[in-house]
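Visitor: My questions all concern the structure below.
A short reminder: the numbers here are calculations on the coordinates, not readings from a lab. Computed from a predicted structure; not experimentally measured. Heads up, the Cβs are rebuilt from the backbone with ideal geometry, glycines too, and the neighbour counts pull from every protein chain shown.
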Amino acid sequence: MSPAVWFGEVGASLLAMDWTPAIASKLAPTVFPTGQTESAFAERLPLLLRDAVTGSLPEPWRWLANSLIAIVAIIVIFASLFALLTLAERKILGRVQNRPGPNRTGWGGILQPLADGIKMLTKEDIVPAAADRLLHFLAPVVLLALSIVTFAVIPYGRHLVPVELDAAVLYFFAAGAATELAIFMAGWASRNKYSLLAAMRALAQLISYELPLLLAFVPVVMLAGSLATTGIVAAQGGWLGGVLPHWHVLTPPGFAGFVIFMIAALAESNRSPFDLPEAESELIAGHLTEYSGFKYALFFMAEYLGMCALSGMAVTLFLGGWHAPLAALEFIPSYVWFAVKLLALLLGFIWIRATFPRLRIDQLTRLAWKFLVPLALINLLTGGFWVLTTHWTGGMLVVRWAIALVLVVGPFLALGRQFQARYAPRTYRYA
Amino acid sequence: MLGTGLLKGLAVTAKNFVGSFHDPKRYTTVEYPEQPTKLPENYRNFPFLVFDGEQPIDGLRCVACKICEAECPPQCIYIIPDRDEKGRPTKKPKVFDLDVSVCMSCQICVEVCPFDAIKMDQHFEIATADRFNGLLLHREDLAKSDAYYHSIHPTEAAQVDEILAEAKRKAEAKAKPAAPAAPAAVKPPEPPAPAV
Amino acid sequence: MSTFALGTIIALILGSAAVALCLRRLIRSVLLFVISWAGIAAFYLWAGAEFLAFAQVLVYIGAVSMVTLFAVLLTRRHDQPDLVIEPPARSRAAAGVTIGACVAAVLIPAILATEFPAASATAPTFSVRQLGLDLMEQHGVVLLVVGLILTVALLGAVVLAASKEDAS
Amino acid sequence: MTTAFTPTPSGAHVRAVHDPFHGDLLEISMGPHHPSTHGVFRMMVTLDGENVVKLKPVFGYLHRNHEKLGENTSYLGSMPYTDRLDYFCSMTNNWAYALAVEKLAGQPVPERAEYLRVILAELTRLLNHTCLAGFLLQDTGASGTPLMYAFREREKILDLFEALSGSRMMCNYQRFGGCRIDATPAWLAAVRGIVDGYGAFLDEYEELITGNEILLARTQNVGVLSPALAVSAGITGPMLRAAGVDYDLRKVDGYGLYPRFDFRVPLGAHGDTYDRYMVRMLEMRESIGILRQALAAIPDGPIMDPKAKIRGFRPKPGEAYGRIEGPKGEIGFYLISDGTPNPYRYRVRPPSLINLTVLEDLCLGHTLADAVIILGSIDIVLGEVDR
Amino acid sequence: MTMLHVCLLFSGLLFCIGLAGALARSHAILVLLGIELMLNAANLNFIAFWRYGPPHASGSGPIFVLFAIAIAAAEAAVGLALVIAIYRHRQSVRLQEEARLKG
């Protein structure tokens, strides 16, 4: 095993472990909450499998083993999801562009990620002579570790919450906020002008988009009355007449929050159309210019894992977490629903990447500060209104929806008109 | 409304994504080694020398007149005319080398050849590990039969055959009254002086 | 286990802070500061104030470190080490360390000499919900004032840092 | 405050690299190995933050002595070399060179050949503008999708060229006094099919990207070229027309059979990158119209003037300048004959190079990302810039 | 020695390190960071007293720290903006060179 991956995994598990024992007594008595024995066999299958392995151990060791299994399961599942995602992205991009995508390795290209991995592992690891070797090495490791740490608080299913924290959402974004530091380290340590520009861009971009990202989910926290991810998911349970789920995205403030959140998430995970730090047509590869081989692969992995984590959080906050969309479909295990929603969002990321050109850095920051932040602030107001009017019924329900919709759509149209006054399609004259 | 342009774009890419599964117009890849496409008849790659009959070297139409060598813009052709024991030209090339690493497939040698002896090939899989000798084609590599020429450029070859037959007929008509001692061998018209 | 964790955290914080202030390369000292801030967050976590820990990470690692790095990049001069060892600087450094040591010499005995009332047996519980209620009810006015100060500071920072175009 | 900085006389907004007020600026050498300099082009960019304060184009990495080669090769031998100037537009390069030689020698061209030349030139225009739209969007960061759509259509036109001339890009098709190979009815039918489908492609392409708000924000008011600067710098082609100057050699010179066709010349009003993109999109629609008319009217007949000489071509001493409206601008060849088989002087007027000269003026004050798309919207091919 | 003593000693040491750094270094950014460190040390005290002080039910300690963090963020923003402004003006961030108030 290369030292980089060893360090990354050990670092990630250390981070995850060191935190849990210190606060374990208070926050998470067991890694997976147990007890709800009434749920279906399929629902409890992961827990049963785990207990079959660790059931015979004495208590403190059992707790440790359970934690380790949770960590290993998350890393393995999301690492293989990362591998499949790289393939899926290339296949989908290919199909969008009227071509097949990678199809020579394995059956229909299914082994392409393996081939990529072998290629990355066997490549020479080049460090520029003038680089800051320590930071150059640490940057991908820190980035990957931080993006793995964020997975700790996402509820993957009814009984699958690795760590239950009182302020889980805050934890998630605190861990995510530190990733920009790693990107900066990469850009700085490379001693390359393109990398340096990319580092500056990454800083500006991530600072700008942190704010709308945080503001966008506040209405959800208000609606759910909890900062814990489990509490937020629990608040979205139930259906209206067995058909209409109580997801936050189906309320006006929740919908606006979802859209703002997804735009900011695109920017936070450096995905097109906000992939400015690694804009290949301007900055070669940005902060990745001087990386090769396995360190490059680690960056790549961290980017995709970050995307998965943000999508998972979006599912938790807005799309009802692991709840089924219809009451009739509840027999399907909750983690399957979570996976379906997660994959749908990831597909959306890829679809957007296949379509849009890239923004410019000043437009990017302007979009955050002049468009998303005002909308998110107004959305706070909408969220407050929505929370205060939960008891309105009958005719007042229509009034409630009307006011909330006006609060959501009105500012959007007003700000959109401002944009259209500056940029609009033109008509042309002929000689 | 802001965002309609973005949504339209998304709709177009979605249409192409779905279309790539059922509409051949939206799936244009040809997987080359497994599905070779038919080359158009006019396709040209590198020149080759046409020979008549069975013997590749003896049957070459080339008379080593060196017009193509002079006209070739990148000067990739090198010819040494053959001579018999007495030092008279036999109107055959002793050496006909063509450096395909220099050749730019412009077809000017074909256009200037008065004997229809050099034509453009369609064989393009000529990659080699030897950069120098592997890409320097000699007269033995270049000689290909008239039948092969017919198979790759049927229309053009038919026209060439007509022209050659016409020339032969004229030459015979000219040769018959002139010299009964002259051999029956076709005597091609004298090549004009190569351009200086 | 718990004391061991505390010892590690303390060593991490003190070590990284001390080294950060001695380093020649500014970027490295800033990154070491980030480590010490992260250590302080870990301390909060260890003490049971998890909300504070996450706030510390968000504010210090997410924002202050970024702004600092920006400032470092924007004020960077080529071919100029960050720490110039010249006689005045050296005497200054010596004076600074001496003063720090003096303060420590006063503080440490004072702390050791003081008898504190007995600690509560169990850690105080303090949920996020409780924090929110306290903030909104008991400390509502303070919250408003802090918000005002933050806004003014933000505007002031923008005005200060906004580039004035070349007047010449 | 005292500064040693004095404005340079050449341009008001060109700043010295080490100006004491603004501190150190960042100098970046973009290229010759850069993904978006369209070949081996190099820009020495000086940045203040992300803003370009100075931009020095460096070219010549692809210089291959084209003009000197032309003086040492026969008139015919230069024809395949013209393919390699602007390798997207070999057909128009061929035509411009053939036109120059025909003027020099007073060589007439049969009507069918003239029609074929118009058809091929307009197909080349479609091909070039389609590719440009793809490249420009690739430069703005679209992940290949517009480029792949553009290349899908380009491939169809290249197949036509291959079927007619034998080569996709290095066509070497025109000759002095006509064309090399006659077009078959099947080929003309294939052209008709592609021309009929091209409008639908353009519609889809414009729906994909033209109304895209990101593209609007990226390209509008970026790299504005004023008509005065455009004219004094000798800019030609769509770039000049995007600046609002009505100058199209097809109308001005009326070479070939263009006076017979009915088409309009789209003009931009702002001269920015968006106008340069849109003018090309509109020109493509006009080209489709010209192609329809030409395909309907093409007569039968010879494609080569019977008096034309392939070999031993020696024009009388004299000089001639032949120019046509290439897709990128005025492509011209200037020839002096001294009666020998080789030209005495062989000179190319490359539209790419001359349009490139205003690059710094367009980029100053914009960001690095804008410099990339401005370069993309100028539409250069390094084979022609460096020759 | 109780846990409280350990925490207080620790925060005192941290304060002294910050103080020594702020006084010893001449780079304005490092001075600012030293001051931030002193603020953090003070915050540690609040938490230490809240956690190991006499039994109580209020959350004043953490809330005070929360406010202190917010103010520290404001301070950092303004301070660094000042550093940038000074740098623009005088091309230096060395504090001993900033002897004049008038530019």
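Visitor: Pairs A:Lys193/D:Lys54; B:Lys144/D:Lys156; B:Lys176/D:Lys309: which exceed 25 Å Cα-Cα? Provide the component values of the computation, followed by the final result.
Guide: On the way: A:Lys193/D:Lys54 16 Å; B:Lys144/D:Lys156 32 Å; B:Lys176/D:Lys309 32 Å.
Distance filter (> 25 Å) returns B:Lys144/D:Lys156; B:Lys176/D:Lys309.
Visitor: Give me the one-decimal Kirkwood hydrodynamic radius in Å for the range D:260-387, with the sum taken over alpha-carbon pairs. Show your work: numbers first, answer last.
Guide: Numbers: mean 1/r = 0.0547 Å⁻¹.
After inverting the pairwise mean of 1/r, the radius is 18.3 Å.
Visitor: Which links in A:Lys91/D:Lys328; D:Lys56/D:Lys103; A:Lys91/A:Lys341; B:Lys119/D:Lys68; B:Lys92/D:Lys103; A:Lys370/B:Lys25 stretch past 31 Å when you go from one Cα to the other? Numbers along the way, then the final one.
Guide: Values: A:Lys91/D:Lys328 35 Å; D:Lys56/D:Lys103 38 Å; A:Lys91/A:Lys341 20 Å; B:Lys119/D:Lys68 29 Å; B:Lys92/D:Lys103 40 Å; A:Lys370/B:Lys25 43 Å.
Result: A:Lys91/D:Lys328; D:Lys56/D:Lys103; B:Lys92/D:Lys103; A:Lys370/B:Lys25 exceed 31 Å.
Visitor: Now for a different question. Between exposed chymotrypsin sites (Phe, Trp or Tyr not before Pro) in chain B, where DSSP calls loop and at most 12 other Cβ atoms lie within 10 Å, what's the longest gap?
Guide: On the way: sites that count: B:Phe124, B:Phe132.
Within chain B, the longest run free of exposed chymotrypsin sites (Phe, Trp or Tyr not before Pro) spans B:1-123.
Visitor: Mind giving me the FRET efficiency for D:Asp246 and D:Asp159? R0 is 45 Å, r the Cβ-Cβ distance, nearest 0.05 is fine. It would help to have the intermediate numbers written out before the result.
Guide: On the way: r = 35 Å, r/R0 = 0.77.
For D:Asp246 and D:Asp159, the calculated efficiency is 0.85.
Visitor: Once Rh for the range C:1-48 is found with the Kirkwood sum over Cα pairs, what is the Stokes-Einstein diffusion coefficient at 4 °C and 1.567 mPa s, in µm²/s? Could you put the intermediate results ahead of the total?
Guide: Numbers: Rh = 10.9 Å.
Once the numbers are plugged in, D ends up at 119 µm²/s.
Visitor: Report the semi-axes of the equivalent ellipsoid for the range A:186-344 in whole Å, largest first, where each axis is √(5λ) for an eigenvalue λ of the Cα gyration tensor.
Guide: Numbers: eigenvalues 265, 56, 25 Å².
Sorted largest first and rounded, they come to 36, 17, 11 Å.
Visitor: How large, in Å, is the range D:67-386 by the Kirkwood hydrodynamic radius built from its alpha-carbon pairs?
Guide: Working: mean 1/r = 0.0502 Å⁻¹.
Mean inverse Cα-Cα distance, inverted, gives 19.9 Å.
Visitor: Put one equal scatterer on each alpha carbon of the range A:3-416, apply the Debye formula with no solvent term, and list log10 I(q)/I(0) at q = 0.06, 0.10, 0.14 1/Å to two decimals.
Guide: -0.26, -0.73, -1.38
Visitor: Using a 10 Å cut-off around each Cβ, can you sort C:His139, A:His159, D:His129 from fewest to most neighbouring Cβ atoms? Spell out each step's value before the answer.
Guide: Numbers: C:His139 18, A:His159 21, D:His129 25.
The fewest-first ordering by Cβ neighbours comes to C:His139, A:His159, D:His129.
Visitor: Distances over 20 Å make up what percent of all Cα-Cα pairs in chain B? Mind dumping the intermediate values first?
Guide: Numbers: 12752 of 19110 pairs.
For chain B, the fraction of Cα-Cα distances above 20 Å is 67 percent.
Visitor: When Cβ neighbours within 10 Å are restricted to other protein chains, what is their mean count per residue of peptide C:102-109? List each step's numbers first, then the result.
Guide: Numbers: counts 3, 5, 8, 1, 2, 7, 5, 0.
Across the residues of C:102-109, the mean count of other-chain Cβ atoms within 10 Å is 4.
Visitor: How big is Rg to Rh over the range D:244-303, alpha-carbon atoms, Rh as the Kirkwood inverse-mean-distance radius? Kindly include the intermediate steps, with their values, before the conclusion.
Guide: Numbers: Rg = 13.9 Å, Rh = 13.0 Å.
Using Cα coordinates only, the ratio equals 1.07.
Visitor: Sort C:Cys22, D:Cys363 so that the residue with the fewest other Cβ atoms within 10 Å of its own Cβ comes first and the one with the most comes last.
Guide: C:Cys22, D:Cys363
Visitor: Restricting to Cα pairs below 8 Å that are 6+ residues apart, what does the relative contact order work out to for chain A? Please round to a whole percent. It would help to have the intermediate numbers written out before the result.
Guide: Numbers: 591 pairs, mean separation 82.0, N = 431.
Dividing the mean separation by the residue count of chain A yields 19 percent.
Visitor: In addition: Using alpha-carbon pairs under 8 Å, 6+ residues apart, how would you state the relative contact order of the range E:3-97 in percent?
Guide: 31 percent
Visitor: Taking the 0 to 90 degree range and rounding to the nearest ten, how far is the long axis of helix D:111-139 tilted relative to the main principal axis of chain D, both from C-alpha atoms?
Guide: Taking the Cα atoms of chain D, the angle to D:111-139 is about 20 degrees.
Visitor: If I model the range A:324-431 as equal point scatterers sitting on the Cα atoms and use the Debye formula, what is log10 I(q)/I(0) at q = 0.10, 0.14, 0.17, 0.20 Å⁻¹?
Guide: Evaluating at q = 0.10, 0.14, 0.17, 0.20 Å⁻¹ gives log10 I(q)/I(0) of -0.58, -0.98, -1.11, -1.12.
Visitor: Give me D:Lys54, D:Lys307 ranked fewest to most by other Cβ atoms within 10 Å of their Cβ, as a rough exposure proxy. Write down the numbers at each step before the final one.
Guide: On the way: D:Lys54 21, D:Lys307 9.
Fewest to most other Cβ atoms nearby, the residues stand as D:Lys307, D:Lys54.
Visitor: What ³J(HN,Hα) values, in whole Hz, does the Karplus curve 6.51 cos²θ - 1.76 cosθ + 1.60 give for the range B:111-116 when θ = phi - 60°, with x put for Gly and Pro?
Guide: 5, 8, 6, x, 10, 6
Visitor: Let me ask something additional. How far apart, in nanometres, would the label points at D:Glu111 and A:Val406 be if each is projected 7 angstrom from Cα along the Cα-to-Cβ direction?
Guide: In this crude spin-label approximation the distance works out to 7.3 nm.
Visitor: Could you check which residue among B:Leu164, B:Leu60, B:Leu49 shows the biggest mean-square fluctuation in a GNM of chain B with a 10 Å Cα cutoff?
Guide: Between B:Leu164, B:Leu60, B:Leu49, it is B:Leu164 that shows the largest mean-square fluctuation.
Visitor: From the phi angles alone, apply the Karplus equation (6.51, -1.76, 1.60; θ = phi - 60°) to the range A:271-287 and give each ³J(HN,Hα) in whole Hz, x where the residue is Gly or Pro.
Guide: Those phi angles translate into 9, 4, x, 10, 7, 5, x, 10, 4, 6, 7, 10, 10, 6, 9, x, 5 Hz.
Visitor: Hey, another quick one. Jot down the per residue volume, in cubic angstrom and as a whole number, of the convex hull over the alpha-carbon atoms of the range E:3-97. Walk me through the numbers on the way to the answer.
Guide: On the way: hull volume 6.0 nm³, N = 95.
Expressed per residue, the convex hull around the Cα atoms of the range E:3-97 is 63 Å³.
Visitor: A follow-up question, please. Mind giving me the FRET efficiency for A:Ile332 and C:Leu112? R0 is 51 Å, r the Cβ-Cβ distance, nearest 0.05 is fine. Kindly include the intermediate steps, with their values, before the conclusion.
Guide: Numbers: r = 63 Å, r/R0 = 1.24.
With a Förster radius of 51 Å, E is 0.20.
Visitor: Quote the relative contact order of chain D in percent (integer), defining contacts as alpha-carbon pairs under 8 Å separated by 6+ residues. Please report the intermediate quantities before stating the final value.
Guide: Working: 741 pairs, mean separation 99.4, N = 387.
That works out to 26 percent.
Visitor: What's the average, rounded to a whole number, of partner chain beta-carbon atoms within 10 Å of each residue's beta-carbon in E:39-49? Before the final figure, lay out the partial values.
Guide: Values: counts 0, 10, 3, 0, 5, 6, 0, 2, 9, 3, 2.
Average neighbour count from other chains, rounded to a whole number: 4.
Visitor: Over 45 Å apart: what share of the alpha carbon pairs of the protein assembly as shown falls there, rounded to a whole percent?
Guide: Numbers: 414304 of 824970 pairs.
So the pairs more than 45 Å apart make up 50 percent of the total in the protein assembly as shown.
Visitor: Can you tell me the orientation of helix B:154-178 relative to chain B, as the angle in degrees between its alpha-carbon axis and the longest Cα principal axis, to the nearest 10?
Guide: Taking Cα atoms only, the helix is inclined about 10 degrees.
Visitor: In deg cm²/dmol, rounded to 500, what helix-only [θ] at 222 nm does chain B give when every DSSP H run of at least 4 residues adds -39500 (n - 2.57) and the total is split over its residues?
Guide: Value at 222 nm, helices only, nearest 500: -10000 deg cm²/dmol.
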